[in-house]
Amino acid sequence: MVTCCLENFLRHGLMYGEKMAQIIELDKFKIPLGGQDIEMQQIDHAAGGMSLLRVRIREAKRFTIFDVDPVTAKKWGETMIKWAEAQTAKTDGQ
């Protein structure tokens, strides 16, 4: 007996013999405080259109998944860098 889930179909880009989406792994890491697993993927739909950044956060058995457009991903990334640099400046100044 073969069992599959939607994630396996999407990961391999096949469902009912048709191309669905190509998933490209970008990065995986674990957050030291809290232990959440972060997975970042590029999603390219077979029908075309813009690529999306999928951010998957796994906390124990719970998943949170965001599919983010390029403009939002850029804003999110810039905000995170700005915050991280401010935190580094605070600790460097002490």
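Side notes on the structure shown:
- Test: residue in segment 47-67 that is over 29 Å from Lys19 (Cα atoms), part of a helix (DSSP H, G or I), free of Cβ contacts under 8 Å to residues at least 12 places away in the same chain and not β-branched (Val, Ile, Thr): no
- Selection count, segment 28-37, where residues are touching a strand residue (DSSP E or B) at 6+ places or on another chain (Cβ under 7 Å) and assigned to a loop (DSSP other than H, G, I, E, B): 2
Yes/no per residue for (1) in contact with a strand residue (DSSP E or B) (Cβ under 7 Å, 6 or more places away or on another chain); (2) at pLDDT 80 or above; (3) surrounded by 11 or more Cβ atoms within 10 Å (Cβ to Cβ):
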{"residue": "Cys4", "(1), (2), (3)": "no, no, no"}
{"residue": "Leu10", "(1), (2), (3)": "yes, no, yes"}
{"residue": "Glu39", "(1), (2), (3)": "yes, yes, yes"}
{"residue": "Arg58", "(1), (2), (3)": "yes, yes, yes"}
{"residue": "Ile65", "(1), (2), (3)": "yes, yes, yes"}
{"residue": "Lys82", "(1), (2), (3)": "no, yes, no"}
{"residue": "Ala86", "(1), (2), (3)": "no, yes, no"}
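- Tally, over segment 24-37, of residues that are aliphatic (A, V, I, L, M) and at pLDDT below 95: 1
- Residues of segment 26-44 classified as of a type outside the set (S, T, N, Q) and within 16 Å of Ala73 (Cβ to Cβ), total: 7
The values are calculated or read from the model by the stated rules, or taken from the named source; none is laboratory data. Since the model is a prediction, treat every value here as computed from it, not as a measurement. Glycine also receives a Cβ, built like all others from the backbone with ideal geometry; neighbour counts cover every protein chain displayed.
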